1. So which of ALA69, ALA130 ends up being crowded, with 16+ Cβ neighbours inside 10 Å and out of contact with any Pro (no Cβ under 8 Å at 6 or more places or on another chain)?
2. Just to be sure I understand the filter: pairs with C-beta atoms under 6 Å, separated by 6 or more residues or on different chains, first member in region 115-137 and assigned to a helix (DSSP H, G or I), second member of a type in the set (D, E, K, R). Which pairs pass?
3. Are there any pairs, at least 6 apart or on different chains, whose C-beta atoms fall under 6 Å, with the first in region 238-254 and without any contact (Cβ under 8 Å) to a residue 40 or more places away in the chain and the second in a helix (DSSP H, G or I) and surrounded by 10 or more Cβ atoms within 10 Å (Cβ to Cβ), and if so, which?
4. Quick one: is PRO80 surrounded by fewer than 18 Cβ atoms within 10 Å (Cβ to Cβ) and more than 16 Å from GLY55 (Cα to Cα)?
5. Do you know which residues across region 38-85 are more than 16 Å from HIS184 (Cβ to Cβ), among the β-branched types (Val, Ile, Thr) and assigned to a helix (DSSP H, G or I)?
6. Take the residues in region 165-218 that are β-branched (Val, Ile, Thr) and modelled with pLDDT of 90 or more; name whichever of them is farthest from ARG154 (Cα to Cα).
7. Can you tell me which residue in region 234-259 is modelled with the highest pLDDT, limited to those that are aliphatic (A, V, I, L, M) and in a helix (DSSP H, G or I)?
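The values are calculated or read from the model by the stated rules, or taken from the named source; none is laboratory data. This one's a predicted model, so the numbers in the text were calculated from it and none came from an experiment. Neighbour counts run over all protein chains shown; Cβ positions are idealised from the backbone, glycine included.
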Amino acid sequence: MPSLTPLVRRLLLVWGVLWLLSFLAYLADVDAVRWLQLDPALLHGEWRSLPGVIGYAFVHNPTWVWHVALNALVLAWFGPEAEVLFPGRRFVRLFLIATLAGAAVHLLLSLAPLPWFQAPVVGGSGFVMAVIGVNAAVEPHRRVRLLVLECSMRSFFLGCMVLDALGFLASLAGKGGSVASDVHLAGAVSGWLYARGVSGWLERLAERRRRRGASAERERQRAEEAELDRILGKISRGGLPSLSGDERRFLERRARRRG
């Protein structure tokens, strides 16, 4: 297992602390998770469920420790590689994209008359699948050892996708289990797409915005220099009394910035 990277380590810590607190609340008959779960009731005016659009990825089922333990194990296994590939804000962006994609898909499916998709969702599994998708997109031929089995990263990713697709079909048939396969699939696809080009497209978009901002700043500076030259010429011809109130304020602003 690779060494933990900073953001992966922090997320694992948050998962562990929140699970422990929710478990203690569960022992006291308090449903603390409901404040952060992704609840389709949001679409029917339950605005207190709004934090769950992001918050669901931070909390797990307090009655089932394996829910958080398995997610943590897989994140610790594949997350560092994804963070090395997309460090800092890009890793945070991956988390937000995968989490929001899972929330959007589940909320849209909840509009259908299917009972399973009306259920609230908790857990970071969608993001875990996104991390696996990133690894598969960037290093499809990397070998992964699963106990006694060994396969390529791409095969592992496709195997997870097939299992989630079967779970999704079961949910459509009204026979879904306790796994939010729709959120898993949304996370997996968003992670794979992010690594295959969406991240680069976002970086290029941000760079274009920076360039437009820099260009606009240069234009503003040129316009200010031209205005300063005009005002100085006016002063040389008629002295300070010839300046208007706006021109005096312009010179005062320039003096404050330079002071």
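1. Working: ALA69 fails: crowded, with 16+ Cβ neighbours inside 10 Å.
So the residue among ALA69, ALA130 that is crowded, with 16+ Cβ neighbours inside 10 Å and out of contact with any Pro (no Cβ under 8 Å at 6 or more places or on another chain) is ALA130.
2. Final answer for the pair search is ASN135/GLU81; ALA136/ARG154; ALA137/ARG196.
3. What qualifies is SER242/LYS234; GLU247/ILE231.
4. On the way: surrounded by fewer than 18 Cβ atoms within 10 Å (Cβ to Cβ): no; more than 16 Å from GLY55 (Cα to Cα): yes.
Criteria not met by PRO80.
5. VAL53, ILE54, VAL65, VAL84
6. We begin by selecting, within region 165-218, every residue β-branched (Val, Ile, Thr); these are 179, 183, 189, 198.
Narrowing the set further to residues that are modelled with pLDDT of 90 or more leaves 183, 189.
Details: VAL183: 20, VAL189: 13 Å.
Top of the filtered list is VAL183.
7. Residues of region 234-259 that are aliphatic (A, V, I, L, M), as a first pass: 235, 240, 243, 251, 255.
Narrowing further to those that are in a helix (DSSP H, G or I): 235, 240, 251, 255.
Working: ILE235: 78, LEU240: 72, LEU251: 74, ALA255: 74.
Checking each candidate, the answer is ILE235.
For (1) in contact with a helix residue (DSSP H, G or I) (Cβ under 8 Å, 6 or more places away or on another chain); (2) at pLDDT 90 or above; (3) over 25 Å from LEU169 (Cβ atoms); (4) not assigned by TED's automatic domain parsing to the domain that holds ALA136, each residue gets a yes or a no:
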| position | (1), (2), (3), (4) |
| --- | --- |
| ARG34 | no, no, yes, no |
| GLU46 | no, no, yes, no |
| ASN71 | yes, yes, no, no |
| LEU75 | yes, yes, yes, no |
| PRO80 | yes, yes, yes, no |
| LEU85 | yes, no, yes, no |
| LEU100 | yes, yes, no, no |
| VAL105 | yes, yes, no, no |
